[in-house]
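Notes to accompany the following structure.
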Amino acid sequence: MRKLIASAFASLDGIMQAPGGPEEDPTGGFTLGGWMFRYADDSMDISDSGFDGRDRELVLGRRTYQIFEAYWPYQPKDHPIAKTLNAAKKHVASRTLTELHWNNSILLKGDVVRAIIALKGQSGPDMQIIGSSNLIQTLQAASLIDEYNVWTFPVVLGRGKRLFSDAARPAALRLVRSQVSATGVVMSTYVPGGDIQPGSFPGAEASGKELARRKMMKNEIW
């Protein structure tokens, strides 16, 4: 079964909206688009990290698809990322689009979870989600993502579309690769690590103060 990889640029507080520019996605009153710009440097190799979709099929949400469709086909033909993305097969999840005009784009029909399960069972290269926060959240909740490729930028944005929502399925992850750019961007790759295993550190018997605090929490007055 082929892998599904989620790739995202995210702030320290988990926001992934409009990293590339002010006009990319200002929905919801988001005014900080382009927040990753000042941190770009030569040590951030997009092609080496897999962010360019090389040797993979793409899975895109509707908004990310429309952002890409309006940009990448109009870049120089010898642009390495444009060349790769334009040639890649693109599976697009949308409840509103009826036609796709970017070449090699296929509209996923029906329930997106079922569609992705079917695609994972087919032969072919691994599949990669780029951006597409809502789609990542849906597929994370269904335990369909096999790898997370996340670049965490040293900024706090406060509001915007998040990598994981409050409704995310609790799950442990295992770090398999990480490096830091000269500008402080942490480029990490995670794979599923099973269920979360809650526990506590050994310590002395709870004090009277601690027991009182627990009682207050139980009574919802803490």
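A short reminder: the numbers here are calculations on the coordinates, not readings from a lab. Keep in mind the model is a prediction, meaning the values are calculated, not measured. Neighbour counts run over all protein chains shown; Cβ positions are idealised from the backbone, glycine included.
A few remarks follow.
- If the chain linking A206 and D146 were pulled fully straight, counting 0.36 nm for each residue of separation and taking away their Cα-Cα distance, it would gain 17.5 nm.
- Stretching W72 away from S123 to a fully extended chain increases their span by 15.7 nm, per 0.36 nm per residue minus the current alpha-carbon distance.
- Paramagnetic label reach from E23 (point 7 Å along Cα→Cβ; backbone nitrogen cut-off under 18 Å): within region 75-93, residues 75-76.
- Each helix, a run of at least 4 DSSP H residues, gives -39500 (n - 2.57); summed and divided by the residues of the chain, these come to -6000 deg cm²/dmol at 222 nm.
- The phi-based Karplus calculation (6.51 cos²θ - 1.76 cosθ + 1.60; θ = phi - 60°) puts the 3J(HN,Hα) values of region 212-222 at 5, 4, 5, 5, 4, 4, 4, 8, 6, 10, 7 Hz, whole numbers, x for Gly and Pro.
- Counting lysine pairs in the chain whose alpha carbons fall under 27 angstrom apart, excluding pairs fewer than 8 residues apart on the same chain, gives 20.
- Annotation: amide H-H contacts under 5 Å for E24 (H modelled 1.01 Å from N, sequence separation of 5 or more, or interchain): none.
- In range of the label at D195: residues from region 142-184 whose backbone nitrogen is under 13 Å from the point 7 Å along Cα→Cβ: 170-172
- Alpha-carbon centroid distance for the pair region 184-222 / region 93-125, whole angstrom: 40 Å
- Look at [x] 16.4; [y] 15.0; [z] 18.2: the one that is mean projected area of the Cα convex hull in nm² derived from this structure is [x].
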